[in-house]
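What follows is one structure encoded as structure tokens, with my remarks underneath.
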């Protein structure tokens with residue numbers, strides 16, 4: 001299922017953003033007990049932590065048997081979404097309890113970007129997005145301070161205002177403009193985006209707050225979306241976790257055929273992509289990095305808000321899309337910074353770190369710190385292929401452990 005919030009409308013170009021989520025609507029009612037369910041090879045916080053080596057890896061990283069969850073994180077993670085999710089706090093607490101994640105209610109706050117409570121999205125699509133974003137950013141970095149900043153609507157103007165509020169929360173813990181020299185530590189995750197448009201470069205400066213690192217989904221279809229295309233944003237693409245039909249064990253991580261990515265129409269190639277001139281024609285390419293996104297290998301999300309006015313079974317959803325990948329990578333980078341004590345002073349610094357792994361002299365570090373995705377195709381007519389090093393389906397690959405990020 002592709003909810004209304006994720007559907008692309010031509011009239012929204014340059015005006016509104018959409019979510020990047022898809023979910024599986026089962027042919028029969030979901031089991032009434034809480035996941036993981038035997039026979040459902042959907043990802044959990046523990047299985048993802050195993051795949052991305054945030055915990056000691058076990059053979060197969062099987063969701064039915066893998067139980068070790070991350071315990072790291074620090075500083076601040078702020079999520080930007082549109083509309084209000086009245087169930088967010090309770091859903092996050094329940095999700096954390098089910099999967100054995102540390103959860104301190106004092107470390108989760110909802111902020112209304114406009115100062116007033118936004119309306120709900122009656123379709124339930126943005127509420128599902130919000131539940132996904134906070135749960136999987138928290139799952140990867142459960143000790144980080146987590147903010148959910150809700151924009152008044154999915155209009156670009158409201159979302160960019162929310163980004164500014166979010167940037168201040170990360171930089172100095174306030175919703176208003178921070179004092180010069182503020183040295184907050186943390187990340188902003190944006191799982192939404194819209195079609196590229198000619199005036200997008202005017203908004204790149206929105207993502208330039210010092211000591212704040214920005215992540216955005218690359219989209220759930222061929223081509224490039226914004227703000228993922230901004231050179232000041234880390235674009236996160238999608239992969240599939242191919243698992244055995246018999247055991248549920250991981251076989252390989254491969255490209256997701258519906259991931260967004262490609263060459264931007266408007267954004268010039270940034271310096272950190274200088275080595276990609278053979279494929280980018282002088283323009284920015286996306287994604288930069290990737291993580292699980294295929295709904296067929298989706299993640300368990302707890303969302304008790306009604307979808308389409310109807311309460312959904314047990315409130316456990318199987319969700320995919322690059323909206324999954326963005327908060328996962330955001331949380332991993334947060335945990336990496338918290339462990340090392342070294343926080344990126346800008347998105348440019350973080351992106352330079354990521355792309356430096358591709359230099360021939362750093363081949364050993366690249367192999368140790370990233371999963372190089374070398375199988376699968378994406379883009380229009382499946383015309384882009386995964387390959388050694390950087391590619392337009394998965395960027396540099398997916399995270400492997402906390403080093404090099």
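The values are calculated or read from the model by the stated rules, or taken from the named source; none is laboratory data. Treat the numbers as computed from the prediction; the structure is a model and nothing was measured. Using ideal geometry, Cβ is built from the backbone for each residue, glycine included, and neighbour counts are taken over all protein chains shown.
So which strands (runs of 3 or more DSSP E) are wholly in the stretch 142-226 and hold at least 1 residues that are over 27 Å from residue 117 (Cα atoms)?
Strands (runs of 3 or more DSSP E) meeting the threshold: 192-195.
Please work out which residue is modelled with the lowest pLDDT, limiting yourself to the stretch 56-74 and to residues that are surrounded by fewer than 20 Cβ atoms within 10 Å (Cβ to Cβ) and under 20 Å from the mean Cα position of the chain (by Cα).
My answer is 71.
Give the stretch 78-97 a look and list any residue that's surrounded by fewer than 21 Cβ atoms within 10 Å (Cβ to Cβ) and either part of a loop (DSSP other than H, G, I, E, B) or modelled with pLDDT under 95 (or both), or say none.
Once the filter is applied, which keeps residues that are surrounded by fewer than 21 Cβ atoms within 10 Å (Cβ to Cβ) and either part of a loop (DSSP other than H, G, I, E, B) or modelled with pLDDT under 95 (or both), the stretch 78-97 yields 86, 87.
Only one of these conditions is not met by residue 11: (1) under 22 Å from the mean Cα position of the chain (by Cα); (2) within 30 Å of residue 167 (Cα to Cα); (3) surrounded by fewer than 22 Cβ atoms within 10 Å (Cβ to Cβ). Which number is it?
(1) is the only condition that residue 11 fails.
All but one of (1) touching a strand residue (DSSP E or B) at 6+ places or on another chain (Cβ under 7 Å); (2) surrounded by 24 or more Cβ atoms within 10 Å (Cβ to Cβ) hold for residue 47; state the number of the condition that does not hold.
Result: residue 47 passes all but (1).
Take residue 294 and tell me if it is under 21 Å from residue 23 (Cβ atoms), at pLDDT 95 or above and in contact with a strand residue (DSSP E or B) (Cβ under 8 Å, 6 or more places away or on another chain).
In short, yes.
Checking residue 151 against (1) in contact with a helix residue (DSSP H, G or I) (Cβ under 6 Å, 6 or more places away or on another chain); (2) closer than 30 Å to residue 51 by Cβ, only one condition comes out false. Which one?
Of the numbered conditions (1) in contact with a helix residue (DSSP H, G or I) (Cβ under 6 Å, 6 or more places away or on another chain); (2) closer than 30 Å to residue 51 by Cβ, the odd one out for residue 151 is (2).
Being surrounded by 24 or more Cβ atoms within 10 Å (Cβ to Cβ), in contact with a helix residue (DSSP H, G or I) (Cβ under 8 Å, 6 or more places away or on another chain) and either modelled with pLDDT of 95 or more or farther than 24 Å from residue 69 by Cβ (or both), is that true of even one residue in the stretch 172-187?
Yes, some residue in the stretch 172-187 is surrounded by 24 or more Cβ atoms within 10 Å (Cβ to Cβ), in contact with a helix residue (DSSP H, G or I) (Cβ under 8 Å, 6 or more places away or on another chain) and either modelled with pLDDT of 95 or more or farther than 24 Å from residue 69 by Cβ (or both).
Within the stretch 303-310, is there a residue that is in contact with a helix residue (DSSP H, G or I) (Cβ under 8 Å, 6 or more places away or on another chain) and over 30 Å from residue 64 (Cβ atoms)?
Among the residues of the stretch 303-310, not one is in contact with a helix residue (DSSP H, G or I) (Cβ under 8 Å, 6 or more places away or on another chain) and over 30 Å from residue 64 (Cβ atoms), which makes the answer no.
For residue 316, indicate whether it is in contact with a strand residue (DSSP E or B) (Cβ under 7 Å, 6 or more places away or on another chain), crowded, with 17+ Cβ neighbours inside 10 Å and either within 22 Å of residue 120 (Cα to Cα) or modelled with pLDDT under 95 (or both).
yes
Does the stretch 383-404 include one or more residues that are at negative phi, modelled with pLDDT under 95 and part of a helix (DSSP H, G or I)?
no
Scan the stretch 341-352 and give yes if some residue there is touching a strand residue (DSSP E or B) at 6+ places or on another chain (Cβ under 9 Å), in a strand (DSSP E or B) and either without any contact (Cβ under 8 Å) to a residue 12 or more places away in the chain or within 24 Å of residue 18 (Cα to Cα) (or both), otherwise no.
Checking the stretch 341-352: not a single residue is touching a strand residue (DSSP E or B) at 6+ places or on another chain (Cβ under 9 Å), in a strand (DSSP E or B) and either without any contact (Cβ under 8 Å) to a residue 12 or more places away in the chain or within 24 Å of residue 18 (Cα to Cα) (or both).
When the residues of the stretch 328-354 are filtered to those that are modelled with pLDDT of 95 or more and within 18 Å of residue 230 (Cβ to Cβ), which remaining residue is surrounded by the fewest Cβ atoms within 10 Å (Cβ to Cβ)?
The selected residue is 333.
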